[in-house]
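A quick write-up on the structure given underneath.
Every number here is computed from the coordinates shown, using simple stated rules; none is lab data. Note that the structure is a prediction, hence the values are computed from the model and not measured. Every residue, glycine among them, receives a Cβ derived from its backbone with ideal geometry; neighbour counts consider all protein chains shown.
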Amino acid sequence: MKSMIHVAFGVAMAFLVSMPASWAQSTGHKMISPNDLLWSDVPSLPAGAKIAVIEGPMNEAVPFTVRLKFPANYQIPAHWHPAVERVTVLSGTVNMGVGDKLDMQQSMTLSPGSMMILQPKTNHYVFTKEETIVQLNGAGPWAVTYVNPAEDPRNK
Ligand SMILES: [Cu+2]
């Protein structure tokens, strides 16, 4: 099993790579349209998800705003984060449950406009049935820790 430092570093590198240089260097005022988003892979999530970093970086103690795009029939096994997670559904549908193991019979359905706020270290899981885009707001340093390390895509 990898150490937390390795996990955090991996997450940080993924987000640094995906942040456009012009955004990273600008201060203050920012206007973003969907066409500006640069999507890249997310090593901390099962293959298929894409991330676009709008504000960050997620590995520093600053506020962040990112978009995550999930394909249809996508699953994120039970995991937790070190800080409050704020999820707003922009398109599609998110099925989210709280618990130590993904259970498709136990979930809440979040449609566009819905929001979910999860406290730190709350075990939760996600699955989709259609392509879905969510916006994630929080404060770094961010990390994804899987309840079952064998389900961590970085360990595969
Ligand atoms: Cu999460």
Take residue 33 and tell me if it is among the polar types (S, T, N, Q), out of contact with any Phe, Trp or Tyr (no Cβ under 8 Å at 6 or more places or on another chain), over 22 Å from residue 145 (Cβ atoms) and away from the ligand (no atom under 13 Å from the Cβ). yes
Out of all the residues in the stretch 54-69, is one or more over 29 Å from residue 28 (Cβ atoms) and in contact with a strand residue (DSSP E or B) (Cβ under 7 Å, 6 or more places away or on another chain)? no
Please report, ordered by residue number, the strands (runs of 3 or more DSSP E) entirely within the stretch 38-156 with at least 1 residues that are within 11 Å of the ligand (Cβ to nearest atom). 63-70, 75-80, 85-91, 94-98, 115-118, 124-127, 132-139
Complete set of residues in the stretch 124-140 that are surrounded by fewer than 17 Cβ atoms within 10 Å (Cβ to Cβ) and of a type outside the set (D, E, K, R): 135, 139
Is it the case that residue 72 is in contact (Cβ under 8 Å) with a residue 24 or more places away in the chain and surrounded by 16 or more Cβ atoms within 10 Å (Cβ to Cβ)? no
Looking at (1) out of contact with any strand residue (DSSP E or B) (no Cβ under 6 Å at 6 or more places or on another chain); (2) under 20 Å from residue 41 (Cα atoms), find the lone condition where residue 119 falls short. (2)
